1. For the condition among the aliphatic types (A, V, I, L, M), buried (at least 20 other Cβ atoms within 10 Å of the Cβ) and either on the phi > 0 side of the Ramachandran plot or not in a helix (DSSP H, G or I) (or both), what is the one hit in V93, V98?
2. Six or more apart or on different chains, Cβ under 6 Å: which pairs go from a residue in segment 68-82 that's within 19 Å of F37 (Cβ to Cβ) to one that's open to solvent by 40 Å² or more (accessible area, probe 1.4 Å) and basic (K, R)? Could you list them?
3. Yes or no: R72 surrounded by 15 or more Cβ atoms within 10 Å (Cβ to Cβ) and within 23 Å of V2 (Cβ to Cβ)?
4. Identify, from the list L20, L11, L4, the residue that is of a type outside the set (K, R), open to solvent by 60 Å² or more (accessible area, probe 1.4 Å) and part of a strand (DSSP E or B).
5. Name the residue that is surrounded by the fewest Cβ atoms within 10 Å (Cβ to Cβ), counting only residues in segment 37-52 that are within 11 Å of the chain's Cα centre (by Cα) and more than 18 Å from K87 (Cα to Cα).
Amino acid sequence: QVQLVESGGGLVQPGGSLRLSCAGSGFTSDYHAIGWFRQAPGKEREEVSCITSAYDTIYYSDSVKGRFTISRDNTKNTVYLQMNSLKPEDTAVYYCAVGPPLCFPGTVVAENFNSWGQGTQVTVSS
């Protein structure tokens, strides 16, 4: 029932910023979280951030803390990921997905999420 579409990726220089959007339906009335994950070529999909639909819990991976900010706009059924101070190691395809009710380190893993979008490419390079 949930359909998610990522957008906002692109090519930026190190230190630049991007704002990713995850637009969808079917999660605003549920007690589920929306998570952001990323996957670089040859690497496993890793968690980036998470925000709940019905609670205030927010999660950031250590690699993005202080640089990324997750938020949501309930009127647009959209979750955003503001990415600042981007580094080359942030280069990946970024996905959003639906997960469990709370965003805890032990729950923000790809295996616990579903209804993945198609992803949006983020490339950080000079």
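The values are calculated or read from the model by the stated rules, or taken from the named source; none is laboratory data. Computed from a predicted structure; not experimentally measured. Note that we place each Cβ from the backbone using ideal geometry, even for glycine, and neighbour counts take in every protein chain shown. Ligands, DNA and RNA are excluded from the accessible area calculation, which covers all protein heavy atoms including side chains. Shrake-Rupley method; radii C 1.70, N 1.55, O 1.52, S 1.80 Å.
1. Values: V93 fails: buried (at least 20 other Cβ atoms within 10 Å of the Cβ).
After ruling out the rest, the residue left standing is V98.
2. Correct list of pairs: V79/R72; Y80/R19; Q82/R19.
3. Working: surrounded by 15 or more Cβ atoms within 10 Å (Cβ to Cβ): yes; within 23 Å of V2 (Cβ to Cβ): yes.
Spelling it out, R72 is indeed surrounded by 15 or more Cβ atoms within 10 Å (Cβ to Cβ) and within 23 Å of V2 (Cβ to Cβ).
4. Numbers: L20 fails: open to solvent by 60 Å² or more (accessible area, probe 1.4 Å); L4 fails: open to solvent by 60 Å² or more (accessible area, probe 1.4 Å).
Testing whether each residue is of a type outside the set (K, R), open to solvent by 60 Å² or more (accessible area, probe 1.4 Å) and part of a strand (DSSP E or B) leaves just L11.
5. Only one residue fits best here, namely I51.
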